[in-house]
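> Dropping a structure here in structure tokens format, bear with me for questions.
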Ligand SMILES: [Zn+2]
Ligand SMILES: [Zn+2]
């Protein structure tokens, strides 16, 4: 979103209380907006003569002309400016009156910070749509904001085409690929090239959240919903409002959560845990998995109806060994990146090192490559990465325990063995290892382990 | 060369050693820091009806403590903070000036009914500290997702961002620090 300069948007705070003007001014200045304040209607009107104002945060109760009267006056000569009413004394009556008279939105003091930023972000979004006319843009010429997704191989070109095709639609997308292939990057690319890009993309790693916490994680909870819930908590679905929800490792979602999620996708609304009021679901769903979901459906571990809901448009990411041609490009890209980040003069990768990189089978995919390059940049002293700078297992990937060098190597191998012994049953393996499911899951991720 | 005075406000926040924060300030901002032993009395900034402390007033008392303007002052309090229009703030800073502060009140997992996690808490303190100090060096909110200057209105926003500045912001810091 680097193209967007918030200072090009001017917000005027109209409120008779100095502390309110000052705090709103400071709050939005931190976001980079250009701020103007006015303590009464007359001052507000004269500011509007002097300069263009994009958004007005307007108090209703002011001495002299009140906020609603001021809004009417402004509307006589300016229909563009976005007016958001912020008032201490909310009644349904005044709210309806304000909205009918053309207010963009309405909220009461004191307001939750996230609500206030959302209100303003919505307003900014509308302004930008007007200015850039992006609502009318239907196709994408080139993908934006996809720095780390690189590949000239035919497989990756196909992926880029699919991303371009699906991004501007609001379709649910399912991304398939091994661990470390960059599924989250693809999800972000889809989001950043969609009309939802000015709202957040909220990732949820389904495998890393215990099933017992999942409901509150997704839907949030009201104060007192259960023991320990002392405050209202917003769930990921609500945080994704206007944007995208990225459910990573959706194959690990428990059956109860699958039912909950399916219901939201069907009803387009949900309840916070312990809450009465329903909340509208306004997000685009992007899912990813490294397991074969149709097998999981066969085994009864994944609901068939949910599978059909999410399996609308599928993007399959190739593993790194399926696109070996891209390895030099990727390696040089990450070299460049880490060199700059660490401010080190490591200029090149020697041909011998590059050959090793190309011939290795990369079980941990791009993520493993990134780690290898980062490590190489850290330990390198000569300015050119040689085989000595690369992890040992690259020269000959150890299948047996004797090749290991570090504690991490041993841990990785041990976990792999235990998983195989337990037929990759995560709970059982975690039990045997005396660690919890989440920890085991994280280690599987970390070492890029996968079911043979 | 600036350094950072870390001052606790009201009392020392529980479960926070501040070591991670001090180390982060050194490693990431290349600034020395001193953790001052005596908490500042902040009773005057309490709003009894809201049972919260007025963040802007606390900021003003921090500025007074550092009248020379030579160092940065970073206040940390276990109490909940507010500014008049908002229900709460995590923290506040003076843009391009010397004072910043944040509260650990809403950084505890328990606040959200989640299991106690000292590591999470330390990490959130580090990110809040770096973020607010970033403002004192003139940084505004950054829209690069992997950047600590990303604005956080929700605790999970804090968890989403790294305890580091993006290349852009780092470049800016290099030019002013
Ligand atoms: Zn900030
Ligand atoms: Zn930044």
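> Across the range A:415-431, what is the total count of residues that are surrounded by 14 or more Cβ atoms within 10 Å (Cβ to Cβ) and either out of contact with any helix residue (DSSP H, G or I) (no Cβ under 6 Å at 6 or more places or on another chain) or part of a helix (DSSP H, G or I) (or both)?
The number of residues fulfilling the criteria is 10.
> So which of B:105, B:111 ends up being touching a strand residue (DSSP E or B) at 6+ places or on another chain (Cβ under 8 Å) and either more than 16 Å from residue B:6 (Cβ to Cβ) or in a loop (DSSP other than H, G, I, E, B) (or both)?
B:105
> If you don't mind, another one. Is it the case that the range B:121-129 has a residue that's within 13 Å of ligand 2 (Cβ to nearest atom), more than 9 Å from chain A (Cβ to nearest Cβ) and farther than 29 Å from residue A:210 by Cβ?
Checking the range B:121-129: not a single residue is within 13 Å of ligand 2 (Cβ to nearest atom), more than 9 Å from chain A (Cβ to nearest Cβ) and farther than 29 Å from residue A:210 by Cβ.
> Is one or more of the residues making up the range B:139-149 touching a helix residue (DSSP H, G or I) at 6+ places or on another chain (Cβ under 6 Å), away from ligand 1 (no atom under 15 Å from the Cβ) and either within 11 Å of chain A (Cβ to nearest Cβ) or closer than 29 Å to residue A:202 by Cβ (or both)?
Within the range B:139-149, not a single residue is touching a helix residue (DSSP H, G or I) at 6+ places or on another chain (Cβ under 6 Å), away from ligand 1 (no atom under 15 Å from the Cβ) and either within 11 Å of chain A (Cβ to nearest Cβ) or closer than 29 Å to residue A:202 by Cβ (or both).
> If you don't mind, another one. Could you list all residues from the range B:155-164 that are within 13 Å of ligand 1 (Cβ to nearest atom) and over 14 Å from the mean Cα position of the chain (by Cα)?
B:157, B:161
> So residue B:116 ticks every box in (1) away from ligand 2 (no atom under 16 Å from the Cβ); (2) not in a loop (DSSP other than H, G, I, E, B) but one. Which box is left unticked?
Of (1) away from ligand 2 (no atom under 16 Å from the Cβ); (2) not in a loop (DSSP other than H, G, I, E, B), only one is false for residue B:116: (2).
> Another question, then. Looking at (1) modelled with pLDDT under 95; (2) in contact with a strand residue (DSSP E or B) (Cβ under 6 Å, 6 or more places away or on another chain), can you tell me which one residue A:11 breaks?
Result: residue A:11 fails condition (1) only.
> Which residues, taken from the range B:146-169, are surrounded by fewer than 18 Cβ atoms within 10 Å (Cβ to Cβ), near ligand 2 (Cβ under 10 Å from one of its atoms) and in a helix (DSSP H, G or I)?
B:167, B:168
> Now for a separate question. In the range A:149-180, how many are in contact with a helix residue (DSSP H, G or I) (Cβ under 6 Å, 6 or more places away or on another chain) and under 28 Å from residue A:242 (Cβ atoms)?
8
> Inside the range A:155-177, can you point out the residues that are closer than 22 Å to residue A:306 by Cβ and not in a helix (DSSP H, G or I)?
Those that are closer than 22 Å to residue A:306 by Cβ and not in a helix (DSSP H, G or I): A:169, A:170, A:171, A:172, A:173, A:174, A:175, A:176, A:177.
> Restricted to the range B:84-102, and to residues that are free of Cβ contacts under 8 Å to residues at least 40 places away in the same chain and away from ligand 1 (no atom under 12 Å from the Cβ), which residue is farthest from the other protein chains (Cβ to nearest Cβ)?
Checked the range B:84-102; the qualifying residue farthest from the other protein chains (Cβ to nearest Cβ) is B:98.
> Using the structure shown, decide if residue A:95 is assigned to a loop (DSSP other than H, G, I, E, B), at pLDDT below 80 and not assigned by TED's automatic domain parsing to the domain that holds residue A:196.
no
> Please give the number of the condition residue A:263 fails out of (1) crowded, with 19+ Cβ neighbours inside 10 Å; (2) at pLDDT 90 or above.
Status for residue A:263: all satisfied but (1).
> Please specify each residue of the range A:436-446 satisfying the condition of being surrounded by fewer than 20 Cβ atoms within 10 Å (Cβ to Cβ) and over 23 Å from the mean Cα position of the chain (by Cα).
Scanning the range A:436-446 gives A:436, A:437.
The values are calculated or read from the model by the stated rules, or taken from the named source; none is laboratory data. Keep in mind that what you see is a predicted model, and the values were worked out from it rather than measured. Here Cβ is always computed from backbone atoms with ideal geometry, including for glycine, and neighbour counts include all displayed protein chains.
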